[in-house]
Amino acid sequence: MSNSTGQLTHCVFFSLKESTPENCQALVDDCDHFLKRPGGVVSLHVGIREADLNREVNDTDFDVALVVVFEDRAAHDVYQDHPDHRAFIERNKETWRSVRVFDAV
């Protein structure tokens, strides 16, 4: 089965060193501020993990989830080096305990 749209979905799961509601919201706000602007972004969704959803199949080892859909792989590649993406990383990387990335077409 192939992806007929050519879109690429980029999922990022952030675990924070200090997982307070304020720190989670600050990261959400920065995602909204810095990461929507690069060209080629079809949609961007970011949110704080819903603590009440904790079934056996739920991975709960993250605080904030980011899902970005790009027009195509080329748009994703441009985004990775975009100044806004770089600024987001520099501004927030010290707050992260871990970051997991999942990309799919």
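Bear in mind these aren't lab numbers, they're just calculated from the coordinates by the rules spelled out. Please read these numbers as outputs of a predicted model, since none were measured by experiment. Here the Cβ positions follow ideal geometry from the backbone for every residue, glycine too, while neighbour counts run over all protein chains shown.
In percent, what relative contact order does the chain have, based on Cα pairs under 8 Å that are 6 or more apart in sequence?
Relative CO of the chain lands at 48 percent.
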Taking a crude spin-label model, label points 7 Å out from Cα along the C-beta direction, the ALA104 to THR60 distance in nm is 2.3
Estimated distance in nm for a label pair at GLN80 and HIS45, the labels positioned 7 Å out from Cα along Cα-to-Cβ: 2.4
Restricting region 22-105 to GluC sites (Glu not before Pro) in coil, as DSSP defines it, with at most 13 other Cβ within 10 Å: GLU50, GLU56
For the pair LYS17 and ARG73, the simple spin-label estimate (label points 7 Å beyond Cα toward Cβ) gives in nm 3.6
Projected onto their principal axes, the Cα atoms of region 20-97 stretch, largest extent first, over whole-Å spans of 36, 26, 17
How large is the dipole of the chain about the Cα centre if only Lys and Arg carry +1 and Asp and Glu carry -1, each at its Cβ, rounded to the nearest 20 debye? 160
Net charge near PHE13, counting Lys/Arg +1 and Asp/Glu -1 over other residues with Cβ under 10 Å of its Cβ? -1
